[in-house]
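Colleague: This structure is in structure tokens; I'll ask about it shortly.
The values are calculated or read from the model by the stated rules, or taken from the named source; none is laboratory data. As the structure is a prediction and not an experimental result, all values here were calculated from the model. FYI the Cβ positions are ideal-geometry reconstructions off the backbone, even for glycines, and counts take in every protein chain you see.
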Amino acid sequence: MKSLKNVKMIFDRLRRVVDPCHSEHSEESNSIFRIFVNQNSDTFMKRPSLLTCVLLDIAGYLTYLIPFLGEWGDGLWAPLSAFLFYRMFGGRTGKTGAIISFIEEILPFTDFIPTFTIGYFVRKREAEKQKTTS
């Protein structure tokens, strides 16, 4: 029973990281929200932190550290990567980036492309452009 409670807690924390706009934020999760999502503009646009994006890109590279796992690990990571990308960025950037992330992870020898980090800078540019036009 205790292990089930621990698993629920881990998934709850992961949900907060992936979907920081979820409405059930406690005081503790608000600090997690500030770490993983930037809130710089008046009109809120979902944008995970650069650190989160870099860590997720590194997680995609890690499949090559375990011998014989390489591309098989990518087969498992590709759908998860696409899901995380979509949930973290949302909107058109999230949809397009999720497709690109899936393709990048599923194709052999393309893991060097930092998809999440590129998505971060694309979203940052969109937010800056939106700020200047409004």
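Colleague: Can you name the residue in region 52-84 that is within 18 Å of residue 118 (Cβ to Cβ) and aromatic (Phe, Trp, Tyr) and, of all such residues, is modelled with the lowest pLDDT?
Modeller: Ranking the qualifying residues of region 52-84, first place goes to 61.
Colleague: Continuing with the same structure: Which members of region 88-130 meet the condition of being farther than 16 Å from residue 57 by Cβ and of a type in the set (D, E, K, R)?
Modeller: 92, 95, 125, 126, 128, 129
For every residue, the table says whether it meets (1) among the small types (Gly, Ala, Ser); (2) under 18 Å from the mean Cα position of the chain (by Cα); (3) in a loop (DSSP other than H, G, I, E, B).
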{"site": "66", "(1), (2), (3)": "no, no, yes"}
{"site": "88", "(1), (2), (3)": "no, yes, no"}
{"site": "94", "(1), (2), (3)": "yes, yes, no"}
{"site": "97", "(1), (2), (3)": "yes, yes, no"}
{"site": "102", "(1), (2), (3)": "no, yes, no"}
{"site": "111", "(1), (2), (3)": "no, yes, yes"}
{"site": "116", "(1), (2), (3)": "no, yes, no"}
{"site": "121", "(1), (2), (3)": "no, yes, no"}
{"site": "132", "(1), (2), (3)": "no, no, no"}
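Colleague: Right, here's the next one. Considering region 62-75 alone, what residues qualify as being out of contact with any Pro (no Cβ under 9 Å at 6 or more places or on another chain) and touching a residue at least 12 places away in the same chain (Cβ under 8 Å)?
Modeller: Passing the criteria: 63, 64, 75.
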